[in-house]
1. Right, ALA173: under 16 Å from the mean Cα position of the chain (by Cα) and modelled with pLDDT of 95 or more or not?
2. Among the residues of the range 140-154, what is the count of those that are of a type outside the set (Phe, Trp, Tyr), surrounded by 18 or more Cβ atoms within 10 Å (Cβ to Cβ) and touching a strand residue (DSSP E or B) at 6+ places or on another chain (Cβ under 6 Å)?
3. Yes or no: the range 101-122 includes at least one residue that is among the small types (Gly, Ala, Ser), in contact with a His (Cβ under 7 Å, 6 or more places away or on another chain) and open to solvent by less than 60 Å² (accessible area, probe 1.4 Å).
4. If you take the residues in the range 176-200 that are within 14 Å of the chain's Cα centre (by Cα), assigned to a loop (DSSP other than H, G, I, E, B) and aliphatic (A, V, I, L, M), which one is farthest from ILE139 (Cα to Cα)?
5. Yes or no: GLN153 at pLDDT 95 or above and within 13 Å of the chain's Cα centre (by Cα)?
6. So for the range 47-66 (the condition being touching a Phe, Trp or Tyr at 6+ places or on another chain (Cβ under 8 Å), part of a loop (DSSP other than H, G, I, E, B) and either touching a residue at least 24 places away in the same chain (Cβ under 8 Å) or farther than 16 Å from ILE132 by Cα (or both)), does at least one residue qualify?
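The values are calculated or read from the model by the stated rules, or taken from the named source; none is laboratory data. All values derive from a computational prediction rather than experimental measurement. Note that we place each Cβ from the backbone using ideal geometry, even for glycine, and neighbour counts take in every protein chain shown. These accessible areas exclude ligands, DNA and RNA; they are computed on the full protein's heavy atoms, side chains included. Shrake-Rupley method; radii C 1.70, N 1.55, O 1.52, S 1.80 Å.
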Amino acid sequence: SCTLVIFMAEVKVLIEGYAREKEGYYEASSSAVLIKDSDKKIIVDPGGNEELLLSALKKEGLTPNDIDMIFLTHYHPDHIINIRLFPGKDILDGDIIYRGDKEFEFKGKIPGTEIELIETPGHAYEQVTPLIKTDHGIIAIAEDLWWWEDGKQKTDKEGLLSLEDPFVKDKDALRKSRELILAKADYIIPGHGKMFKVEK
């Protein structure tokens, strides 16, 4: 007899995103998330805090060299500054693999994985949300579809749909993207704030 073993993907929040006013400046770094899927280790939005990211990887027994690829949900600097810690690694957005100066197109899933990519414009035009099937249900890495300054997170459905985004590019698109992800996900990792369970 043939036994089929399907290994579910694993998702680990390496840095819980934060955003806060400081004396004379603003401090923000996105949620940085490690996905292990098939034999790939992927970091989604490595953020801007070098020290936090390196120490979180170390806790997982990893160095930047162990990471196979970096996935960017959108191009805001507080989400991407740390790509410099991964020289020579593939960098992906919603449909292109960047390998040095070479660009390879792909569609629908991160190549070599079961990670589904959903277009979720609104906060940024190019934004994409990875959906990952895990033992705990479907986790959406929805980065800045939702984000809060420290201590302001509210995750009731109405609060999630009406949350003001001062950087929004397209309000109607953002609301549609939020509705789509709330319908698909069991858990959501926001751009700045704690992972939360979606109330169905």
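1. no
2. Keep residues of the range 140-154 that are of a type outside the set (Phe, Trp, Tyr), which gives 140-145, 149-154.
Filter once more, keeping what is surrounded by 18 or more Cβ atoms within 10 Å (Cβ to Cβ): 140-145.
Add one more test, that the residue is touching a strand residue (DSSP E or B) at 6+ places or on another chain (Cβ under 6 Å), and what stays is 140-144.
Within the range 140-154, residues that are of a type outside the set (Phe, Trp, Tyr), surrounded by 18 or more Cβ atoms within 10 Å (Cβ to Cβ) and touching a strand residue (DSSP E or B) at 6+ places or on another chain (Cβ under 6 Å) number 5.
3. Among the residues of the range 101-122, not one is among the small types (Gly, Ala, Ser), in contact with a His (Cβ under 7 Å, 6 or more places away or on another chain) and open to solvent by less than 60 Å² (accessible area, probe 1.4 Å), which makes the answer no.
4. Within the range 176-200, the match that is farthest from ILE139 (Cα to Cα) is MET195.
5. Criteria not met by GLN153.
6. no
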